[in-house]
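I have placed the structure first, in the form of structure tokens, so that the comments after it can refer back to it.
Here, each number is a calculation from the coordinates, and none is a lab measurement. For clarity, every value in this text was computed on a predicted model and none was experimentally measured. Virtual Cβ from ideal backbone geometry, glycine too; neighbours counted across all protein chains shown.
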Amino acid sequence: MTRRTTAAVCLALVTAPHARAGPGAAPETGVLAGVVRTHGGEPAPGVCVVVCDAQSGVPLDADNLEPFTTDASARNEAFQRILFVLTGHDGGYKFSLPSGAYRLVAQAWDETPGQVLGVNGADVRLFGVSGVVELDAGETERADLAPPGRCTLAVYAEAGNSDSVFIVSSEPTRADPILGFAGWRGPFIRSMLGGNRAPLGRTVFRGLPAGEVHVAVFSPDNLPGWGAASVTLKPDEPVEVDVPWIAAWSDAIQGPPADLRALTNRLAALTEEARTEIMRSAINRAGITGDTRDMLGQMAALGSILLDPVELPDGTRHPTGEVLAALAYAKLGGWLRDSGREPNPHHAAQTRPYKEGP
């Protein structure tokens, strides 16, 4: 793979933060606690429990107990600040948090993690997620966790480094992967089951529920790459999915999927000014400003308008997400052709039975 390596970026940079307390005010806290158990009901020590903001689904920043943002000055260190605790010998965990609504995600690796998104290993064991927990100041709320299922999903996205981030969720993304974090916003990230910074693009998730699950991948190279796939799981039938990257790299996908091909061609035929005006209108409707300190967060803000209809110059109407994705494919295709290249055609993620061992 032709790749350009940069520092890793936190998986959860998909929304701007919201305030919990006024300026200078010390937030009043409550306690969120519980026990993590195995399939057999035994206490599970050494499990990483991550606390997320329930509204956005984004993990909290340990420095300020706010959902993560993407201040460019701190982006390279962001993954070090995800708030988590490790369960004790009794499987117990405890957080002291401002009043608010939270969601918990629990998982473990073979080795004890120093960071949630350190390169902790390829084998991830899931120990459950909580529902939304409403926490009041001065109160204690309990949320016990256990593995959601017994299914295994191996995920591979070709990579020559260990910077790629994989997220698995019970809900799909809401846009073509070319729109990146815009499609992660909403149900996908709020229903996250687990995640990993994948060693050389490989991860195995164990303990998933039966039925359909959805995985999204992100590579934070200086030309970012994205991918997504949906897989149906059954107990005792491990599955492996090969997720293709959508990126400007020479060996990545660059052409639109079949359902966007006609729209991409129509938009590519418009003038540059007409395409720019369509994009400018979407940016304005999403409330995106010119402040570039939170570029990924602003990109994700497009997620709030993906389903809104937009009228094109020819009078047809389409969901904003489809139009933005088609614009992105048209722009990428034009850039490649200007440089003497033809876009690589789109192809679906490939699934097959997963066999462990050499």
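Debye-formula intensities of the stretch 119-219, expressed as log10 I(q)/I(0) at q = 0.14, 0.25 Å⁻¹, are -0.59, -1.32 (one equal scatterer per alpha-carbon, no solvent).
Here the gap between residue 140 and residue 308, fully extended at 0.36 nm per residue and compared with their Cα-Cα distance, gives a gain of 56.5 nm. Taking every pair of alpha-carbon atoms in the stretch 215-358, give the share separated by more than 27 Å as a whole percent. That fraction is 31 percent. P(r) tail, the stretch 258-338: Cα-Cα pairs separated by more than 17 Å, 46% of all pairs.
For the chain, the share of alpha carbon pairs falling in successive 20 Å distance bins from zero is 29, 57, 14, 0 percent.
Please state the charge dipole magnitude for the chain, taken about the Cα centre, from unit charges on C-beta atoms (+1 on K and R, -1 on D and E), reported in debye and rounded to the nearest 20. List each step's numbers first, then the result.
On the way: 30 positive and 41 negative charges, 97 e Å.
Once rounded to the nearest 20, the dipole reads 460 debye.
Across the options 325, 48, 120, the greatest Cα extent toward the positive end of the charge dipole of the chain (unit charges at beta carbon of Lys, Arg, Asp, Glu) belongs to 325. Please identify every one of the trypsin sites (Lys or Arg not before Pro) in the stretch 272-354 that sits in a loop by DSSP and has no more than 15 other beta carbons within 10 Å of its own beta carbon. Answer by residue number: 341. Across the stretch 145-153, rounded Karplus estimates of 3J(HN,Hα) from the backbone phi angles (6.51 cos²θ - 1.76 cosθ + 1.60, θ = phi - 60°) give 10, 8, x, x, x, 10, 8, 10, 10 Hz, Gly and Pro being marked x. The calculated 222 nm mean residue ellipticity attributable to helices in the chain amounts to -5000 deg cm²/dmol, summing -39500 (n - 2.57) over DSSP H runs of n ≥ 4 and dividing by all residues. Placing +1 on the Cβ of every Lys and Arg and -1 on the Cβ of every Asp and Glu, with no other charges, gives the stretch 258-338 a dipole of roughly 120 debye about its Cα centre.
Considering only 304, 220, 268, the residue lying farthest towards the positive end of the dipole of the chain is 268, judged by Cα position with unit charges set on Cβ. Couplings 3J(HN,Hα) for the stretch 343-349, derived from phi with the Karplus relation 6.51 cos²θ - 1.76 cosθ + 1.60 (θ = phi - 60°), are x, 5, x, 6, 8, 6, 4 Hz, where x marks Gly and Pro.
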